[in-house]
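Right, one structure below, let's go through it.
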């Protein structure tokens, strides 16, 4: 079996990882970690839009088997002409509390909006990473990490010194400051951004981010420049690359076709994109008639057909590729 070394090892050995930590912490003095650029001093405990200060907070951590197949590991064994599907090591997820987006329909509303979680030290987070590695997870998956970027990079550095060797997954909402993404070059192995909206009006209405698509496109292009298309080992497990998520919203509020065309024409036709059908009205979605419903089957397959028509093929689950 081939051995893949995570990209952060070179920066750790050269000492540059320490320099990145220092640069990122300096951003907290006038916070510009995301495009909102609140410019408050989080090192002194001030809180901006994300309601987060100096210390990071986590909601939970565990091996996760509900993520994409290349992250969790899937084994398909033929038994009596039927494939038995089993999971392998899972994705080592660490759910961070709060968020820089705060979408009003968030599927994790208690964590993002209500701040469900507990303050955690750098040593504790690094220990959690090593615990997940020892449990056999295939990667360390930071869920909603943007607003805690400096603390997480410092935690990675500490964990590497204690033996961390798993790929880092940056599982973010897509509303990123491209200059901060540049500081993650050589640290993150797998970028997994959402691309939520192509239109400024719904982005403003539901996430208070009228510039969402512009900022997301900048970030996605930089992410792809750093890591390229998603790469899998001989087991089918991802070790490097870009994996994009797109959640179908009812009434085409996401503007899916423009998103898919951007991915195909600007990023790569070989992009791995998970087109997700699991939207459900959560949080404050009940206040908006157009959001207080589920996408129809026809809406979902229309997006799938569009993706296929413009040359995207990777990432669709088998059940989505065939009309059963």
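Could I have the simple spin-label model distance between residue 65 and residue 294, label points 7 Å from Cα toward Cβ, reported in nm to one decimal?
Modelled inter-label distance: 2.4 nm.
Listed highest first by mean packing, meaning other Cβ atoms within 10 Å per residue, what order do 239-248, 26-35 come in?
Listed from highest to lowest mean packing, they are 239-248, 26-35.
Would you work out the Kirkwood radius for segment 8-321? I mean one over the mean of 1/r across all pairs of different Cα atoms, in Å.
After inverting the pairwise mean of 1/r, the radius is 20.0 Å.
Just so you know, all these numbers are worked out from the coordinates, no wet-lab data involved. Keep in mind that what you see is a predicted model, and the values were worked out from it rather than measured. For neighbour counting, all protein chains shown are included, and Cβ atoms are generated from backbone atoms with ideal geometry for every residue, glycine included.
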